[in-house]
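Scroll down for the structure; my scribbles are underneath it.
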Amino acid sequence: MTRTSDLSELQAMARTVRRDIIEMIGAAKSGHPGGSLSAVEILVTLYFDVMKHDPANPAWPQRDRFILSKGHAAPVLYSVMAESGYTPKDQLNTLRRIGSIYQGHPDRRFIPALEASTGSLGVGLSLGLGMAEAAKLDKSPSRTYVVLGDGEIQEGQIWEAAMYAGFHKVDNIVAILDNNRIQLDGWVKDIMAIEPLAEKWAAFGWHVIEVDGHDIVALQAAFAEAEATKGKPSILIAHTVKGKGVSFMENNPKYHGVAPTKEEVELALKEIG
Amino acid sequence: MAAKYELKLGAATREAFGKALVELGKTDENVVVCDADLSKSTFTHLFGKEFPSRFFSCGIAEANMVSIGAGLASSGKIAFVASFSAFVLNKGFEQLRVNVAYSGIPLKVVGTHSGISIGEDGPSQMSVEDISLACSLAGFTVISPVDEVAMFSLVKQAAYHPGAVFIRAGRVKVPVIYGPDQKFEIGKGIQLTEGTDLTLISTGLMVAECLKAAAALEAEGISARVIDLHTIKPIDRDIIAKAAAETGCILVAEEHLVDSGLGVRVAQVVAETNPCVMEFHGINNTYAESGLPEEVLEKYKMTAADVAVSARKALARKKG
């Protein structure tokens with residue numbers, strides 16, 4: 001699909017991406033559906049509207065960079081990259097199989113158009129800062145977008161990166177926190193509470209934008225606000241629902257890392273429409 | 001043969017590293033440097049002073065520094081990150097593994113204050129496992145220059161090496177072994193002396209001790225070959241196999257834990273090519289302590305006299 005700002009087209013793409021995710025993980029019989037589904041509107045808005053990139057020329061130096069720091073949500077990234085034209089759509093269902101380009105977590109060796117191999121949590125924001133600093137040195141308009149998990153920010157390196165970005169005024173990076181409130185072992189608030197989020201990031205020198213992470217229009221406005229914010233890095237605290245779009249997966253910690261059965265796949269696809 | 005080396009004291013390899021960075025910075029505006037609040041100790045401050053816009057001060061946050069360096073390198077910069085070896089490898093190891101080695105990013109990583117010769121600061125700042133850690137990163141090239149000449153040349157080569165590189169540097173001033181015209185090639189060891197009875201293989205500051213030991217052995221009628229393996233990975237298989245075949249006896253000496261450093265890597269090559277008697281001289285399953293560098297080196301048996309003792313032991317085994 002070519003890039004668009006049209007809401008109904010983006011919403012239709014979000015449904016397609018949700019279907020891709022369910023089919024992929026269903027076929028693989030393992031994977032992380034919950035955190036893939038919660039990030040759908042964030043990635044659809046970035047890949048099909050906000051980001052400047054060219055699937056025909058993935059090495060274009062002035063492209064915007066995207067890092068899925070919460071690498072276990074690989075299926076949502078694979079879907080938007082395939083739907084964008086970077087990688088073959090007809091191989092999505094080879095996810096996690098030996099030799100597949102769609103590895104369990106994003107792997108640049110198999111998909112060179114990926115900006116980063118991720119999967120070990122906590123490192124993506126720092127990596128993005130390096131790319132953002134390189135763009136500044138080159139006087140390139142390239143912007144860097146990094147999607148973080150909410151559980152992920154329990155990692156200490158996130159706060160090293162947060163401190164660096166605020167202090168060095170890295171205003172060409174945008175972090176998007178997929179605040180779906182559930183991590184592997186249960187609810188974030190019960191494992192290691194991370195609130196108050198807005199205050200924490202603001203204290204580290206970030207421009208904080210709270211947004212409904214499933215509202216595409218709100219996301220478009222938030223990304224525009226981030227781009228207009230100079231002298232500070234921006235973070236979107238995207239309030240999301242884990243498993244969004246599939247009733248039995250929504251807000252259910254079980255589906256952090258468990259694949260749907262064949263029957264559940266059919267049920268989920270029917271619900272998504 | 002070994003007597004031809006005067007071994008006059010030169011600069012510390014960390015200082016040569018800092019000077020090489022400035023040279024690189026002058027000729028290539030693509031070169032960038034990150035440091036973690038140790039720039040005056042790693043000598044990256046020389047680059048920072050000359051090229052402030054290309055110098056990234058990361059504060060005391062080595063993990064963040066390594067990942068930022070990886071991001072800069074993945075955007076086409078020739079990026080160096082530097083800190084004490086103990087900190088950049090231990091605190092940055094996860095980032096070196098995921099963002100650099102696994103991701104195939106050609107970051108240049110420099111660890112200064114390696115080994116136990118940093119002296120007074122003690123074991124928390126010493127690095128006796130850095131060769132092991134760096135070599136365990138798939139695809140990395142690992143370099144341990146012996147003196148200021150080797151460091152200056154190898155840093156400049158590392159900058160344009162296509163893959164990730166770790167360079168091991170020391171704190172203390174070390175003897176100059178090489179003349180200004182010496183050629184270095186990444187992956188190729190240098191035979192410093194001829195020798196037929198046994199071979200002393202070493203890297204970093206222990207090479208000078210091996211040369212001194214060889215001179216002492218020579219006085220006893222023992223002909224010792226000395227080899228500087230400035231590149232530890234990929235290791236120079238040819239020079240090792242030849243030494244094993246021609247001398248039939250190898251002693252490896254290193255300022256590193258003896259069971260995970262240069263010696264075991266040399267032993268692998270010897271086992272796969274021309275098995276011969278081998279002995280290993282290094283730090284034995286312990287951490288050192290504070291003291292003047294020369295006191296620490298002496299107490300932990302990192303002197304020429306200690307190397308000579310191990311050499312005689314190896315020779316005795318060879319003679320059976």
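Let me know the shape class of the stretch B:9-175, please: from the alpha-carbon gyration tensor, a ≥ b ≥ c as square roots of the eigenvalues, rounded when a/c is under 1.5, otherwise prolate if a/b is greater than b/c, or oblate. Don't skip to the answer; put the middle values down first.
Working: a/c = 1.37, a/b = 1.11, b/c = 1.24.
It comes out rounded by the Cα gyration axes.
Pairs to check: B:Lys108/B:Lys183; B:Lys242/B:Lys313; A:Lys232/B:Lys77; A:Lys52/B:Lys19; B:Lys183/B:Lys318; B:Lys40/B:Lys77. Give those whose C-alpha atoms are more than 32 Å from each other in this structure.
Working: B:Lys108/B:Lys183 21 Å; B:Lys242/B:Lys313 21 Å; A:Lys232/B:Lys77 24 Å; A:Lys52/B:Lys19 40 Å; B:Lys183/B:Lys318 34 Å; B:Lys40/B:Lys77 23 Å.
From B:Lys108/B:Lys183; B:Lys242/B:Lys313; A:Lys232/B:Lys77; A:Lys52/B:Lys19; B:Lys183/B:Lys318; B:Lys40/B:Lys77, over 32 Å: A:Lys52/B:Lys19; B:Lys183/B:Lys318.
Could you sort the residues of the stretch B:48-74 by number and keep only those whose accessible area is reduced by 50 Å² or more in the all-protein-chain setting relative to the chain alone, 1.4 Å probe?
B:Phe56, B:Asn64, B:Ile68
Normalized C-alpha radius of gyration of the stretch B:184-319, against 2.2 N^0.38 Å?
Values: Rg = 13.9 Å, N = 136, 2.2 N^0.38 = 14.2 Å.
Computed over Cα atoms of the stretch B:184-319, the ratio equals 0.97.
Identify the trypsin sites (Lys or Arg not before Pro) of the stretch B:1-106 meeting these criteria: DSSP loop state and at most 16 other C-beta atoms within 10 Å of the C-beta.
Values: sites: B:Lys4, B:Lys8, B:Arg14, B:Lys19, B:Lys26, B:Lys40, B:Lys49, B:Arg54, B:Lys77, B:Lys91, B:Arg97; in loops: B:Lys8, B:Lys77, B:Lys91.
Passing both the DSSP loop test and the Cβ count: B:Lys8.
Counting only protein chains, not ligands or nucleic acids, how are A:Trp201, A:Trp60 ordered by accessible area (probe 1.4 Å), most first? Spell out each step's value before the answer.
Numbers: A:Trp201 0, A:Trp60 85 Å².
Ranked list, largest accessible area first: A:Trp60, A:Trp201.
Using a 1.4 Å probe, what is the accessible area per residue for the stretch A:7-272, in Å²?
Numbers: 9840 Å² over 266 residues.
That works out to 37 Å² for each residue.
Using only the alpha-carbon atoms of chain B as identical scatterers, what base-10 log of I(q)/I(0) does the Debye formula give at q = 0.06, 0.10, 0.13, 0.15 Å⁻¹?
The calculated log intensity ratios at q = 0.06, 0.10, 0.13, 0.15 Å⁻¹ are -0.19, -0.52, -0.87, -1.14.
Would you kindly find the accessible area of A:Tyr47, with a 1.4 Å probe and non-protein molecules such as ligands, DNA and RNA excluded, rounding to the nearest 10 Å²?
Counting only protein heavy atoms, A:Tyr47 exposes about 20 Å² to solvent.
Quote the accessible area belonging to A:Leu137 in square angstrom, nearest 10, computed with a 1.4 Å probe and with ligands, DNA and RNA left uncounted.
Accessible surface of A:Leu137 is approximately 50 Å².
What average number of partner chain Cβ atoms lie no more than 10 Å from the Cβ of the residues making up A:107-118? Walk me through the intermediate numbers first.
Numbers: counts 2, 5, 3, 0, 0, 1, 0, 1, 4, 8, 6, 3.
Mean partner-chain Cβ count within 10 Å for A:107-118: 3.
Residues of the stretch A:123-138 that become at least 50 Å² less accessible with every protein chain present than in their own chain isolated, using 1.4 Å: which are they?
A:Val123, A:Leu127, A:Leu137
Can you tell me the equivalent ellipsoid semi-axes for the stretch A:7-272? Use √(5λ) from the Cα gyration tensor, largest first, whole Å.
Working: eigenvalues 149, 90, 55 Å².
Three semi-axes, in Å: 27, 21, 17.
Of all DSSP beta bridges located in chain B, what percent are antiparallel, nearest 5?
Details: 8 of 43 bridges.
That works out to approximately 20 percent antiparallel.
Summing both sides, how much accessible area is buried between A and B? Use a 1.4 Å probe and give Å² to the nearest 100. Numbers along the way, then the final one.
Working: alone 11330 and 12620 Å², together 22020 Å².
Summing both sides, the interface buries roughly 1900 Å².
I'd like the residues of the stretch B:76-108 whose 1.4 Å-probe accessible area shrinks by no less than 10 Å² going from the isolated chain to the full set of protein chains.
Residues passing the criterion (a loss of at least 10 Å², heavy atoms only) are B:Lys77, B:Glu94, B:Gln95, B:Val98, B:Asn99, B:Tyr102, B:Ser103, B:Ile105.
Any chance you could check the Cα centroid distance between the stretch A:191-220 and the stretch A:239-273 for me, in angstrom?
Rounded to whole Å, the Cα centres lie 24 Å apart.
What do you get for Rg/Rh of the stretch B:225-297 when both radii come from the Cα atoms and Rh is the Kirkwood radius? Walk me through the intermediate numbers first.
Working: Rg = 13.6 Å, Rh = 13.2 Å.
Rounded to two decimals, Rg over Rh is 1.03.
From the phi of every residue in the stretch A:147-160, what ³J(HN,Hα) in whole Hz does the Karplus formula 6.51 cos²θ - 1.76 cosθ + 1.60 yield, where θ is phi - 60° and glycine or proline is x?
Values, residue by residue: 8, 10, x, 6, x, 4, 6, 6, 6, x, 5, 4, 7, 4 Hz.
What do you get for trypsin sites (Lys or Arg not before Pro) in the stretch B:125-226 restricted to DSSP loop and a cutoff of at most 15 other Cβ within 10 Å of the site's Cβ? It would help to have the intermediate numbers written out before the result.
Numbers: sites: B:Lys156, B:Arg168, B:Arg171, B:Lys173, B:Lys183, B:Lys188, B:Lys212, B:Arg225; in loops: B:Arg171, B:Lys183, B:Lys188.
Qualifying residues, ordered by number: B:Lys183, B:Lys188.
Please figure out what share of the DSSP beta bridges in the stretch B:9-175 is antiparallel and state it in percent, rounded to the nearest 5. Could the numbers behind the result be given before it?
On the way: 3 of 23 bridges.
Antiparallel bridges: around 15 percent, rounded to the nearest 5.
Starting from the Cα of A:Lys230, draw a straight line to each of the aspartates and glutamates and keep only those under 14 Å, dropping any in the same chain fewer than 8 residues away.
A:Asp171
If you filter the stretch A:191-258 for trypsin sites (Lys or Arg not before Pro), then keep DSSP loop positions with at most 14 other Cβ within 10 Å, what is left?
Numbers: sites: A:Lys200, A:Lys230, A:Lys242, A:Lys244, A:Lys254; in loops: A:Lys230, A:Lys242, A:Lys244.
Those that pass, being in a loop and sparsely packed, are A:Lys230.
Divide by every residue of chain B the summed helix terms, -39500 (n - 2.57) for each DSSP H run of at least 4, and state the resulting mean residue ellipticity at 222 nm, rounded to the nearest 500 deg cm²/dmol.
On the way: 12 runs with 121 residues, N = 320.
For chain B, the value works out to -11000 deg cm²/dmol.
Ignoring everything but the protein chains, give the 1.4 Å probe accessible area of A:Asp212 in square angstrom, nearest 10.
Approximately 80 Å² of A:Asp212 is accessible to the 1.4 Å probe.
Provide the per residue accessible area, probe 1.4 Å, for chain B, rounded to a whole number of square angstrom.
Working: 11660 Å² over 320 residues.
About 36 Å² of surface per residue is accessible.
For the ranges A:162-174, B:62-74, what's the packing order if you count other beta-carbon atoms within 10 Å of each residue, average per peptide, and put the highest first?
Working: A:162-174: 21.4, B:62-74: 30.5.
Result, highest mean first: B:62-74, A:162-174.
In whole angstrom, note down how far apart the Cα centers of the stretch A:32-56 and the stretch B:248-288 are.
With the stretch A:32-56 and the stretch B:248-288 each reduced to a Cα centre, they are spaced 52 Å.
How many angstrom separate the Cα center of the stretch A:87-135 from the Cα center of the stretch B:66-141?
First find each Cα centre; the distance between them is then 23 Å.
Over the residues of the protein assembly as shown, compute the C-alpha Rg and express it relative to 2.2 N^0.38 Å. Walk me through the numbers on the way to the answer.
Working: Rg = 27.3 Å, N = 593, 2.2 N^0.38 = 24.9 Å.
Compared with the compact-globule rule of thumb, the protein assembly as shown sits at 1.09.
For the protein assembly as shown, which whole-number percentage of the solvent-accessible area (1.4 Å probe, protein heavy atoms only) is attributable to carbon and sulfur atoms?
Solvent-exposed carbon and sulfur of the protein assembly as shown make up 53 percent of the total.
The values are calculated or read from the model by the stated rules, or taken from the named source; none is laboratory data. Only a predicted model underlies this, so the values are computations on that prediction, with no experimental measurement involved. Positions of Cβ are generated from backbone atoms using ideal geometry, with glycine treated the same way; all protein chains shown enter the neighbour counts. Heads up: the accessible areas ignore ligands, DNA and RNA and are worked out on the full protein's heavy atoms, side chains in. Shrake-Rupley method; radii C 1.70, N 1.55, O 1.52, S 1.80 Å.
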